[in-house]
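The structure appears right after this line, and notes come after that.
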Amino acid sequence: MTIYTRSDDAASEVSYPVMVYAMNADGQCVRRQQLVSADDRLALQLEAMTYQIYAIGGATDGDYAMPGVAEATATSVVALNADANHGDLMAGKNTVTLEDNESTTLALSLSRKVMHIERLVIKNVPATVDLVTVSFEPLYQSLLLNGEYSTATTKQRVSLTEQSDGTTWQTVADDIYMLPAADVATITVHFHTGDIVTSFAYTCPQPLQANKHIRISGTFTGDNELTLTGTISGDRWNGTTTINFTFNSDGSQTVDSSDEPAAGSDDEPSNPTGGQTEEGVEEGSAPEVGTAYKQCYVLSAEDDETGEYTVVTLLNKHETQIEGEQYETIEELEEQINSAIDSYNIGEIIGWRIPTEDEIKMIPVGKVSEYYRFNSGDEMSGSYYYFKGDNGLKCYYHSNNLIGNWNLGEALRPVTTVKFKK
């Protein structure tokens, strides 16, 4: 029998090395062999009968204790060694029947069994805090050889690193993997000050599942009352989950959440954003420029090239102070801006981004300030606002129509566009 492996998702690659186990009808392991690259093919000499073939990908030697031939069963634990961290684990299984005098080729599809903490940022952390950690629970503790999870659960904690501005803490590693949540997940942010730890727990309304990227951005806004706001967004290899939340010493509250499968998938909803009658199209008539639409300022409204739709540009009512001069490179600044944009969803309105030069110049500062009396943070500050032009990231100062380099930027006020059918 010849075996080769592939991912069950065309957009993904198999994680190597891959350990393959062949088990007979009695559940006994008769062969174990490793594939180390996509070019490898396994050729196993086996007697004619039916076999269960199991495979585990990404279990790097030294990080995992893999069962040997003598003790391996379908429910053997793929055990993570002490002080090791999970990798990009995959698993696959199939049943194959071998006949006398026949050769069989088996394509073994592997699926991802972990989630990826792609980005985790906590901003505006008080200077008195010595360390920031974030914990996730209950997570599955182990993966079994058959691709299922053990019933045991565990907690995993991630330590963040203080950045040069002294108020931002974030992960610096890009390879943080975890087994998925075994039940409704609790995410807890811990502020460590000496021997005192102040913690805030948030209960996720959406499951933390395998095969998803997870991006978490939190901003500490409290003074005497500790309040944390942020966004958790999971960009699955074949879909997206977004969760908006606030939490403080009195508990946590979900602001908004959504789950968006990949476009064209069987699970794709016909009304993906809840407030839209068809993909990307809002209900009702287009609002007028200078008015409010779903707590957003209407910056512009123009017909599209077909004449069937009105394309409306919306300005977010919030802004974030991001001092460009604190960053050594434009790449570091753009990473911070993108992280801040993750926390900007307002209800059904999504897709926030850095304004273009034309859009940033449209903002009527006085009118926006007059309209947004929600709280002091909603008013335009008169800072140098970031925009994305043909020559990359720049900033714009409204009072004298001045364009500056990216490191002069001070504030972010994102925009988005929505369509209305005429």
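For a quick check of your reading: which strands (runs of 3 or more DSSP E) sit entirely within region 1-112 and have at least 1 residues that are not aliphatic (A, V, I, L, M)? Steps first, answer last, please.
On the way: elements: 2-7, 18-23, 29-35, 50-57, 77-80, 90-97, 105-112.
By residue number, 2-7, 18-23, 29-35, 50-57, 90-97, 105-112.
Yes or no: residue 18 surrounded by 17 or more Cβ atoms within 10 Å (Cβ to Cβ) and assigned by TED's automatic domain parsing to the domain that holds residue 96?
So residue 18 fits the description; yes.
Which one of 166, 147 is assigned to a loop (DSSP other than H, G, I, E, B) and more than 29 Å from residue 52 (Cβ to Cβ)? So that I can check it myself, show each step before the final result.
Numbers: 147 fails: more than 29 Å from residue 52 (Cβ to Cβ).
Every option except 166 fails the conditions.
Filter region 174-220 for residues that are more than 24 Å from residue 336 (Cα to Cα), of a type in the set (Ser, Thr, Tyr) and in contact (Cβ under 8 Å) with a residue 40 or more places away in the chain and give the result.
Answer for region 174-220, where residues must be more than 24 Å from residue 336 (Cα to Cα), of a type in the set (Ser, Thr, Tyr) and in contact (Cβ under 8 Å) with a residue 40 or more places away in the chain: 186, 193, 203.
Being among the hydrophobic types (A, V, I, L, M, F, W, C) and part of a loop (DSSP other than H, G, I, E, B) is the filter; apply it to region 181-212 and report the residue that is modelled with the highest pLDDT.
Selected residue: 210.
Any residue in region 147-159 that's of a type in the set (Lys, Arg): show its pairings with residues that are surrounded by fewer than 16 Cβ atoms within 10 Å (Cβ to Cβ) and in a strand (DSSP E or B) at Cβ separation under 6 Å, as long as the two are six or more apart or on different chains.
From residues that are of a type in the set (Lys, Arg), there are no pairs.
Any chance region 42-53 includes a residue that's closer than 21 Å to residue 177 by Cα and either of a type in the set (A, V, I, L, M) or at pLDDT 90 or above (or both)? Explain how you work it out, then say what you get.
Pass one, region 42-53, residues closer than 21 Å to residue 177 by Cα: none.
Among the residues of region 42-53, not one is closer than 21 Å to residue 177 by Cα and either of a type in the set (A, V, I, L, M) or at pLDDT 90 or above (or both), which makes the answer no.
Among the candidates 350, 337, single out the residue that is hydrophobic (A, V, I, L, M, F, W, C) and surrounded by fewer than 20 Cβ atoms within 10 Å (Cβ to Cβ).
None of the others qualify; the one that does is 350.
The values are calculated or read from the model by the stated rules, or taken from the named source; none is laboratory data. Because the structure is a prediction, the values reported are computed rather than measured. Cβ coordinates were reconstructed from backbone atoms using ideal geometry, including for glycine residues, and neighbour counts include every protein chain displayed.
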